[in-house]
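To keep things clear, I will list the structure first and then write my remarks on it.
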């Protein structure tokens, strides 16, 4: 979603700035746009402006016992979100450990004396790119709740365009430079040991202003911080990610539509692609941290049942990402084909479906195709 920012030349006195934005507020919310740096944020309309910084970098508001501060400026030291978070942790105390979050383009923390429901708390949230930074600090009595207000302010705090494109994940939703992205969010499986906890596929179909260089998979950590990116030729090609047990290697499934034939792109512990293998979707299992078994697609048979699963010459392959090496466990022939069903928990055997015919010409007749399950031994690591 594109965001248009109002740019105001010069400095305005506080009552004029807040009088103008409050008048345009709807459903209890108003929007602040900083006249100098162009950052913007929605805030509860119950807050009334009390002043503006002399240098034009922000403003102060108050509502009952709560206070709200907007700040912004040039990112002169080049810090990203994690770096700015580290800097703020050195400046404030006491900090609530479970509130500390941050990534490439954002950070969040809560500090102050809020023991036993007394005292006051300060919730700070900021965004940053290669050129600018902006933040808000909400100060409130420890016994009061501002969860909904904080969530909306975090979602809407945005820097003006022209800087580095920053993707973040907040409250279960992906954002591009502060604007929500309508994309599916995937979650790592239970017990996953890697850093990535979530990932989303970004393309121009879900991010209105995304360029070709942004199309791909964005990875996010436990606290929503951006931790990696893999480019794709088209977001429509993505199907699934199969992670190794340790989470430091993965196979990216690339396919088109609902067709089973796919390509398996293998990434090593540095997230560099090492090889692309032809396979059948949903027929790949990791044996251990570095090896996986999969159904290798060797192409179509010329005399197969039309639209049937016997249309491909399929073998069972064990792939070792460290060697690297491909070991044939079951080889397709003119009369035999195989597909992977499962791998035993101990990684010593695999269950394979074997389909066979007496003569290659029999593939065209479904009644002549024999079907059975067989157990295949998986060799130990060399």
Given a Förster radius of 51 Å and the C-beta distance between residue 91 and residue 233 as r, what FRET efficiency does 1/(1 + (r/R0)^6) yield to the nearest 0.05? 0.70
State the extension gain, in nm to one decimal, for the chain segment bounded by residue 144 and residue 365, taking 0.36 nm per residue of separation less the distance between their alpha-carbons. 72.3 nm
Expressed as a rounded percentage, what relative contact order does the stretch 14-164 have, with Cα pairs under 8 Å and six or more residues apart? 21 percent
Provide the packing ranking of 82-88, 273-279, i.e. peptides ordered by the mean count of other C-beta atoms within 10 Å per residue, highest first. 82-88, 273-279
Hey, how many Å between the Cα centroid of the stretch 216-248 and the Cα centroid of the stretch 343-382? 32 Å
Computed E for residue 69/residue 192 - FRET, C-beta separation, R0 35 angstrom, nearest 0.05: 0.35
Give the whole-number value, in cubic angstrom per residue, of the convex hull volume spanned by the C-alpha atoms of the stretch 14-164. 112 Å³
Estimated FRET transfer efficiency (residue 285, residue 259; beta-carbon r; R0 22 Å; 0.05): 0.60
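Quick note: the coordinates plus some simple rules give every number you see, no bench work behind them. It should be emphasised that the depicted structure is a prediction, and the values quoted were computed from it without experimental measurement. Positions of Cβ are generated from backbone atoms using ideal geometry, with glycine treated the same way; all protein chains shown enter the neighbour counts.
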